[in-house]
1. Between the helical axis of 41-52 and the dominant principal axis of the chain, each derived from Cα atoms, what acute angle in degrees is found, rounded to the nearest 10?
2. Pulled fully out, how much extra length does the chain show between residue 49 and residue 65, if you take 0.36 nm times their separation in residues and subtract their Cα-Cα distance?
3. List the Cys residues of the chain that have no partner Cys with a C-beta closer than 4.7 Å.
4. Once you charge only the Cβ atoms, +1 for Lys and Arg and -1 for Asp and Glu, what is the size of the charge dipole of the chain about its Cα centre, to the nearest 20 debye?
5. On a 0 to 90 degree scale, rounded to 10, what angle separates helix 2-21 from the longest Cα axis of the chain?
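Every number here is computed from the coordinates shown, using simple stated rules; none is lab data. These numbers come from a predicted model, not from an experiment. No Cβ is skipped: glycine too gets one built from the backbone with ideal geometry, and neighbour counts run over all protein chains shown.
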Amino acid sequence: MHELYLAESILNIIQDYAKRDGFKKVNSVMLSYGRFSCMEPKALQFAFEVQAAGTAAEGAVLEFKIMPAVIHCFSCEKDLEIKTHTGICPGCGGGEVMLTAGTEELQILEMDVD
Ligand SMILES: [Zn+2]
């Protein structure tokens, strides 16, 4: 499971910060990922809760900021935000489009710690 690995990576980063900055408890973690990055937030939250037990991150709430998916159309030369990737430009109907944003990997934006 993809999310198990992601949860572990987040925890490793948090523990590095905890060592460096000396905080004792993480209240919440703000994460971001692209709309099309195949992430299941519920699965990640669950994997995180299990793995965070006994660490500074135990009980921390995960918050997610989803980055929009954007295509560039080579017909009308526009960049448009899309909800689903059909391979067709929603502006002009052209078929020569390229996904330019939306597949960003999970990353930590900020943490609220004590
Ligand atoms: Zn277009």
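1. 20 degrees
2. Taking 0.36 nm per residue and subtracting the Cα distance, the gain is 3.9 nm.
3. Cysteines of the chain left without a disulfide-compatible partner: 38.
4. Result for the chain is approximately 80 debye, rounded to the nearest 20.
5. Rounded to the nearest ten degrees, it is 50.
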